[in-house]
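Data block below; observations after.
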Amino acid sequence: MNQRILVVEDEVKIANFLKRGLMEESYLVDLAHDGNLGLEKALTGSYDLIVLDIGLPERDGMDVCQVLRSKGRLTPIIFLTARDSVHDKVLGLDLGADDYLTKPFAFEEFLARVRSLLRKAQQQADMRLRIADLVLDSKTRKVERGGLAIDLSTKEFALLQYLMENRGVVLSRMDISEKVWDIHFDTTTNVIDVHINRLRKKIDHDFPVKLIQTVRGAGYTLGEE
Ligand code: CA
């Protein structure tokens, strides 16, 4: 699937030049020529990357970036600027930009930065495990179901991650104790069942579709009933 890029740049010549070059590389490109329109498009559209000029009419690029990040939008952003000051660069990166390019720049360098950011974003997306509406992000260590954040202890998180990585596989109590606790429990203890039940309360209790399944005499598995 072609990746979609938003270019927010008020200098029409530069904007068109970037658009043409990116389209030749098979990216889908939308343009915005001022900060307000750029912000609106970034909030309503689905983009894999945003190229954001800093000096823009209506609302400058730093402000657009700040609003996007404050709304939890993590779309990678490359800042473009005519200013080459360390202060701007540091401020831009502090505001949550992912990269920074000073004008004038060679298109080849721009393209290399675009590719590298898209690759990085893909790698981060790969660190998210999903089943039904349950999402576990192994990088940020956040878990949510149906868009609601779920607070897990370290052990509960490790247990859920193990179950999600092995969805559909029946995991014995011995498998779980080895992988999640790194020890063999005496088979008479119920440590694992206690943790499974806690996890169930948090990720399944309030939802109609239960994901943690007990396989009698064998162990547990994660999957839709
Ligand atoms: Ca400008």
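At-a-glance table
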| read-out | value |
| --- | --- |
| Across 89/139; 120/142; 155/201; 19/139; 41/142; 41/139, pairs whose alpha-carbon gap is larger than 23 Å | 89/139; 19/139; 41/142; 41/139 |
| With all protein chains modelled, accessible area of residue 23 [1.4 Å, Å²] | 100 |
| Spin-label model distance (nm) - residue 224 vs residue 206, 7 Å beyond Cα toward Cβ | 2.1 |
| DSSP bridge pairs, the stretch 77-192: antiparallel proportion in percent, nearest 5 | 75 |
| The stretch 76-81 - phi-based ³J(HN,Hα) in whole Hz, Karplus 6.51/-1.76/1.60, Gly and Pro as x | x, 10, 10, 7, 10, 8 |
| Cα-Cα pairs of the chain separated by more than 30 Å (percent) | 43 |
| 1.4 Å probe accessible area per residue over the chain, in Å² | 56 |
| Euclidean distance between Cα centres, the stretch 9-37 to the stretch 112-153, Å | 28 |
| Span-like helix ranges in the chain, DSSP H, alpha carbon extent 15 angstrom or more, Kyte mean at least -1.0 | 12-24, 107-125, 154-165, 191-203 |
| Theoretical gain in end-to-end length, residue 151 to residue 2 [0.36 nm per residue, Cα-Cα removed] | 50.1 nm |
| The stretch 129-222 - Kirkwood radius from inverse mean 1/r over Cα pairs (Å) | 13.5 |
| Extension reserve of the residue 17-residue 213 stretch, reckoned as 0.36 nm per residue once the Cα distance is removed | 65.0 nm |
| Beta bridge orientation in the chain: antiparallel %, DSSP, nearest 5 | 50 |
| Carbon and sulfur %, accessible surface of the chain computed with the full protein complex present, 1.4 Å | 50 |
| Length released on extending from residue 130 to residue 107, taking residue separation times 0.36 nm less the Cα-Cα span | 4.6 nm |
| Residue 141-residue 69 FRET efficiency (beta carbon distance; Förster radius 25 Å; 0.05 resolution) | 0.85 |
| Interchain or long-range residues, amide H under 5 Å from residue 169's placed H | 222 |
| Rounded if a/c under 1.5, otherwise prolate or oblate - the stretch 4-126, Cα gyration tensor axes | rounded |
| Calculated [θ] (222 nm, deg cm²/dmol) that DSSP helices of n ≥ 4 give over the chain, each run adding -39,500 (n - 2.57) | -12000 deg cm²/dmol |
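The values are calculated or read from the model by the stated rules, or taken from the named source; none is laboratory data. Bear in mind the structure is a predicted one, so any value in this text is a computation, not a measurement. So basically every Cβ, Gly included, is an ideal-geometry build from the backbone, and we count neighbours across all protein chains shown. SASA here: full protein model, heavy atoms, side chains in, ligands and nucleic acids out. Shrake-Rupley method; radii C 1.70, N 1.55, O 1.52, S 1.80 Å.
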